[in-house]
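Written out below as structure tokens is the structure these notes cover.
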Amino acid sequence: MQLKIALLAGDGIGPEVIDQAVKVCDAIAKKFNHDIIWLPALTGAAAIEAVGEPYPDETHQICISSDAVLFGAIGHPRFDNDPSAKVRPEQGLLKMRQMLGLFANVRPTFTFPSLIDKSPLKRERIEGTDLLFLRELTGGIYFGERGRKDNGHTAFDTCTYTRKEIERLAKKGFDLAMTRRKKLCCVDKANVLESSRLWRETVQAMENDYPEVEVAYEFVDAVAMRLVQWPNSYDVLITENLFGDILTDEASVISGSMGLMPSASVGADIGLYEPIHGSFPQAAGKNIANPLATVLSAAMMFEMSFGLEKEGALIRNVVDQSLADGIVTEDLVEVGAKAFKTSEVGDYLTSKIV
Ligand code: IPM
Ligand code: MN
């Protein structure tokens, strides 16, 4: 099969972790007789430097001419510490999500048996956790009207949702729940927010179409608590953009390292696959970042964009092996054991794909 993949390494540790995922994908392609055409393109701070824009049109053209996008990370401290910056790397990510119609962000959270003790949470709380967040990605407060009034002394951001936006996200949530343990939790703040009441109303109206799915409605503050108390009581959680952003960072603690959590953004035709960890500028260029989240994102790409289940499963399998054998970067290493470099972990994974 020919696979055309846009490669957006982005900023910070993005290029280093993407390099490992490329090595792994190339090994998979060789083993299973696929022909991958990589199409590198600029994004984020790197693109601002080169052409003054974080998601240039040329990059968009490359993305829409591809079957999938593999993405590293975006962000640079130079912009974080300058609230007056007119162009920010993150705007590129948001523009890309919107222009590619990526309205659903799938963020699984699971534990690895060999890493249970890496989590700051107690073993008995997290053992067996296998949940999946479905975060709405192109609406809500991220894309609502915002601005300043009162000579700049008042600022506002607005959260708007249409029934259609909620329905298409919820439909994906119900469909995913049907392939899993058939439990869906709608996370909202319907005791306060009108937009949340529309979420609840819309999801309630869809319940009849999915009689087998057990649906719960929980407030986001309570979910933030239960997520670390009883994470293994959840299956699929659907939620709006900002709540999903916050809760998925929290959920990554369950697995022991943010460096492990992959994600997929889907919607229209093209899927985008990226680690949830961000650009981690302190580690950039040091060859110490954990590449596993990006490698697992590539596994999701094989499965979700190309329907290549065996390829995805083999990637997961070699990731499990590297964890079991202790071939891990410094964020996961046991006290006193040797930490491996980003590229060494990539080489190990690749060597196991034969
Ligand atoms: C994420 C990130 C982004 C977001 C930032 C970089 C704009 O935190 O993908 O979760 O808030 O969506
Ligand atoms: Mn985030």
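Of the residues making up segment 270-280, those that are closer than 20 Å to VAL253 by Cα and not polar (S, T, N, Q) are GLU274, PRO275, ILE276, HIS277, GLY278, PHE280.
Residue under question is GLU214, and the condition is that it be of a type outside the set (A, V, I, L, M) and touching a Gly at 6+ places or on another chain (Cβ under 7 Å); does it hold? First the steps, then the outcome.
Numbers: of a type outside the set (A, V, I, L, M): yes; touching a Gly at 6+ places or on another chain (Cβ under 7 Å): no.
For GLU214, the condition - of a type outside the set (A, V, I, L, M) and touching a Gly at 6+ places or on another chain (Cβ under 7 Å) - is not met.
Quick test of your reading of the structure: VAL328 fulfils all but one of (1) without any contact (Cβ under 8 Å) to a residue 12 or more places away in the chain; (2) buried (at least 20 other Cβ atoms within 10 Å of the Cβ). Name the failing condition by number. Unmet for VAL328, out of (1) without any contact (Cβ under 8 Å) to a residue 12 or more places away in the chain; (2) buried (at least 20 other Cβ atoms within 10 Å of the Cβ): (1).
Just a yes or no: is a residue in segment 223-235 without any contact (Cβ under 8 Å) to a residue 60 or more places away in the chain, open to solvent by 40 Å² or more (accessible area, probe 1.4 Å) and within 16 Å of ligand 1 (Cβ to nearest atom)?
Within segment 223-235, not a single residue is without any contact (Cβ under 8 Å) to a residue 60 or more places away in the chain, open to solvent by 40 Å² or more (accessible area, probe 1.4 Å) and within 16 Å of ligand 1 (Cβ to nearest atom).
Looking across segment 295-350, the residues that are of a type in the set (Ser, Thr, Tyr) and under 19 Å from ILE36 (Cβ atoms) come down to SER297, SER305, THR350.
Segment 13-71 holds helices (runs of 4 or more DSSP H) entirely within its bounds, and those carrying 2 or more residues that are assigned by TED's automatic domain parsing to the domain that holds GLY267 and either basic (Lys, Arg) or touching a strand residue (DSSP E or B) at 6+ places or on another chain (Cβ under 6 Å) (or both) map to 14-32, 57-64. When CYS63 is tested against (1) open to solvent by less than 40 Å² (accessible area, probe 1.4 Å); (2) closer than 30 Å to VAL253 by Cβ, just one condition goes unmet, and that condition is (2). Take the residues of segment 93-108 that are in a helix (DSSP H, G or I) and either of a type in the set (Val, Ile, Thr) or within 9 Å of ligand 1 (Cβ to nearest atom) (or both): which is surrounded by the fewest Cβ atoms within 10 Å (Cβ to Cβ)? So, considering only residues that are in a helix (DSSP H, G or I) and either of a type in the set (Val, Ile, Thr) or within 9 Å of ligand 1 (Cβ to nearest atom) (or both), the one surrounded by the fewest Cβ atoms within 10 Å (Cβ to Cβ) is LEU94.
Yes/no per residue for (1) away from ligand 2 (no atom under 16 Å from the Cβ); (2) among the polar types (S, T, N, Q); (3) assigned to a helix (DSSP H, G or I):
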{"site": "ASN232", "(1), (2), (3)": "yes, yes, yes"}
{"site": "LEU237", "(1), (2), (3)": "no, no, no"}
{"site": "LEU242", "(1), (2), (3)": "no, no, yes"}
{"site": "ASP269", "(1), (2), (3)": "yes, no, no"}
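Restricting ILE270, ILE254 to residues that are away from ligand 1 (no atom under 15 Å from the Cβ) and open to solvent by 10 Å² or more (accessible area, probe 1.4 Å) narrows the list to ILE270. Checked against (1) over 23 Å from LYS164 (Cα atoms); (2) more than 16 Å from ligand 2 (Cβ to nearest atom); (3) under 20 Å from the mean Cα position of the chain (by Cα); (4) not assigned by TED's automatic domain parsing to the domain that holds GLU167, SER279 passes all but a single condition, namely (2). Every condition in (1) crowded, with 21+ Cβ neighbours inside 10 Å; (2) modelled with pLDDT of 95 or more is met by MET261 except one, and the failing one is (2). Under 9 Å between Cβ atoms, which residue pairs at least 6 apart in sequence (or on different chains) link something in segment 36-51 that is at positive phi with a partner that is open to solvent by 40 Å² or more (accessible area, probe 1.4 Å) and not in a helix (DSSP H, G or I)? From segment 36-51, the pairs are GLY44/HIS76.
The values are calculated or read from the model by the stated rules, or taken from the named source; none is laboratory data. Everything numeric here is computed off the predicted structure, so don't read it as measured data. Backbone-built Cβ (ideal geometry, glycine too); neighbour counts: all protein chains shown. The accessibility values were calculated without ligands, DNA or RNA, using every heavy atom of the protein model including side chains. Shrake-Rupley method; radii C 1.70, N 1.55, O 1.52, S 1.80 Å.
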